[in-house]
Amino acid sequence: MISDKMQEAINQQINAEMFSAYLYLSMSAWCSDKRYDGFAQWFKVQAQEEMAHAMKFYDYIFEQGGQVKLLAIDAPKAKYASLMDCAKKQLEHEKKVTALINGLMDIAKKEKDYATDITLQWFISEQVEEEKNAEEIIGKLEMIGDTGRAIYMLDKEMGKRKFEED
Ligand SMILES: [Fe+2]
Ligand SMILES: [Fe+2]
């Protein structure tokens, strides 16, 4: 069993992960519109990954005999200034998500909820990965500038990403 407080916080996190999916899907749509097809694919996969994160929490609540509560998902921004703008907003967002996951861990530790602690450990590592990914994209865009011929090559590379469940 998980406490009401833990359950409430995980339900909030399902919503945050769904919003992440929405945010990356909106970046994907913006990229498609601008013909950055590779980045569009990359962000679409990222959106799928976020859905999978939401589902991990969703399944976990049921595993613990708890109740899932689905909340309204905010609309993400639809317009971005550039690829760099997307990448910077991605990093900013992932830092917020890291803080949320850390907050969940704080509750689990305080409540000596070892099962939730173990489940959250996966997410702690995942957030290290997510921030690193966003930083790498920013780094590449800084290197080549976010317009011009080199973008064509980077876009191609980004388009190779495929969704893998982990
Ligand atoms: Fe996530
Ligand atoms: Fe990830």
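Of note:
- Total residues in the stretch 81-97, condition aliphatic (A, V, I, L, M) and either touching a residue at least 60 places away in the same chain (Cβ under 8 Å) or under 13 Å from Glu17 (Cα atoms) (or both): 3
- Long-range neighbours under 8 Å by Cβ, at least six apart or interchain, first residue closer than 15 Å to Met1 by Cβ within the stretch 60-71, second assigned to a loop (DSSP other than H, G, I, E, B) and among the β-branched types (Val, Ile, Thr): Ile61/Ile2; Ile61/Val68; Phe62/Val68; Gln64/Ile2; Gly66/Ile2
- Sub-7 Å Cβ pairs linking a first residue in the stretch 24-49 that is farther than 23 Å from Ile73 by Cβ to a second residue that is small (Gly, Ala, Ser), at least 6 apart or interchain, are Asp37/Gly159; Gly38/Gly159, ordered by first then second residue.
- Residue count for the stretch 141-164, restricted to those that are open to solvent by less than 70 Å² (accessible area, probe 1.4 Å) and without any contact (Cβ under 8 Å) to a residue 24 or more places away in the chain: 4
- Picking from residues in the stretch 11-54 that are among the basic types (Lys, Arg) and not in a helix (DSSP H, G or I), the one that is farthest from ligand 2 (Cβ to nearest atom) is Arg35.
- Ala40, sole failed condition from (1) away from ligand 1 (no atom under 16 Å from the Cβ); (2) open to solvent by 10 Å² or more (accessible area, probe 1.4 Å): (2)
- The residues of the stretch 87-126 that are aliphatic (A, V, I, L, M), open to solvent by 20 Å² or more (accessible area, probe 1.4 Å) and more than 16 Å from ligand 1 (Cβ to nearest atom), listed by number, are Ile107, Ala115, Ile118.
The values are calculated or read from the model by the stated rules, or taken from the named source; none is laboratory data. Remember, predicted model here, so these are calculated numbers, not experimental data. As a convention, Cβ positions derive from the backbone with ideal geometry for all residues, glycine included, and neighbour counts pool all protein chains shown. What goes into the accessible areas is simple: the full protein's heavy atoms, side chains included, and nothing from ligands, DNA or RNA. Shrake-Rupley method; radii C 1.70, N 1.55, O 1.52, S 1.80 Å.
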